[in-house]
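Enquirer: First the structure, then my questions, so here it is.
The values are calculated or read from the model by the stated rules, or taken from the named source; none is laboratory data. The model shown is predicted, which means the values in this text are computed figures rather than measured ones. For neighbour counting, all protein chains shown are included, and Cβ atoms are generated from backbone atoms with ideal geometry for every residue, glycine included. Surface areas here come from the heavy atoms of the whole protein model, side chains and all, with no ligands, DNA or RNA. Shrake-Rupley method; radii C 1.70, N 1.55, O 1.52, S 1.80 Å.
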Amino acid sequence: MLSNYILLQASGSGSFLQSWGLIIILFVVFYFFMIRPQQKRQKEIRKFRESLAKGDNVVTAGGIHGKIVDTNPNDTYLLLEIASGVRIRIDKGSVYPSAAEASQAAEQNNNK
């Protein structure tokens, strides 16, 4: 009985190192499957917003589809035409590429 107790105490230090190794492995997996793809996606959206120009079709975060009528590189707002003669002023941060343009951009990236 005493020998079993001594053996259990001796093997305890190895399990401590194994648990730390497991934690490190889980963090690395979490980084490559969750954090890194999100950072890449945010970088692509930032590039898209910086490249917005007059005449581009976009979708707002609220789901409004429209065409950019006016943009000012120093300003954070866009003038968006959502119907003939109907224009709204929106924040650049709420703009996403239209579904057609997003699929074309994805195909171009996959072909490279």
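Enquirer: Among (1) open to solvent by less than 70 Å² (accessible area, probe 1.4 Å); (2) free of Cβ contacts under 8 Å to residues at least 24 places away in the same chain; (3) polar (S, T, N, Q), there is one condition Thr60 misses while meeting the rest; what is its number?
Expert: (2)
Enquirer: Next up: If I filter the range 4-13 for residues that are open to solvent by less than 100 Å² (accessible area, probe 1.4 Å), out of contact with any Gly (no Cβ under 6 Å at 6 or more places or on another chain) and modelled with pLDDT of 90 or more, do I get at least one hit?
Expert: No: the range 4-13 contains no residue that is open to solvent by less than 100 Å² (accessible area, probe 1.4 Å), out of contact with any Gly (no Cβ under 6 Å at 6 or more places or on another chain) and modelled with pLDDT of 90 or more.
Enquirer: Oh, and also: Identify the residue in the range 79-103 that is of a type outside the set (Ser, Thr, Tyr), modelled with pLDDT under 80 and not in a strand (DSSP E or B) and, among all such residues, is nearest to Val69 (Cα to Cα).
Expert: Glu101
Enquirer: Still on this structure: Just give me the residues in the range 67-77 being open to solvent by less than 50 Å² (accessible area, probe 1.4 Å) and at pLDDT 90 or above, in sequence order.
Expert: Within the range 67-77, Ile68, Val69 qualify.
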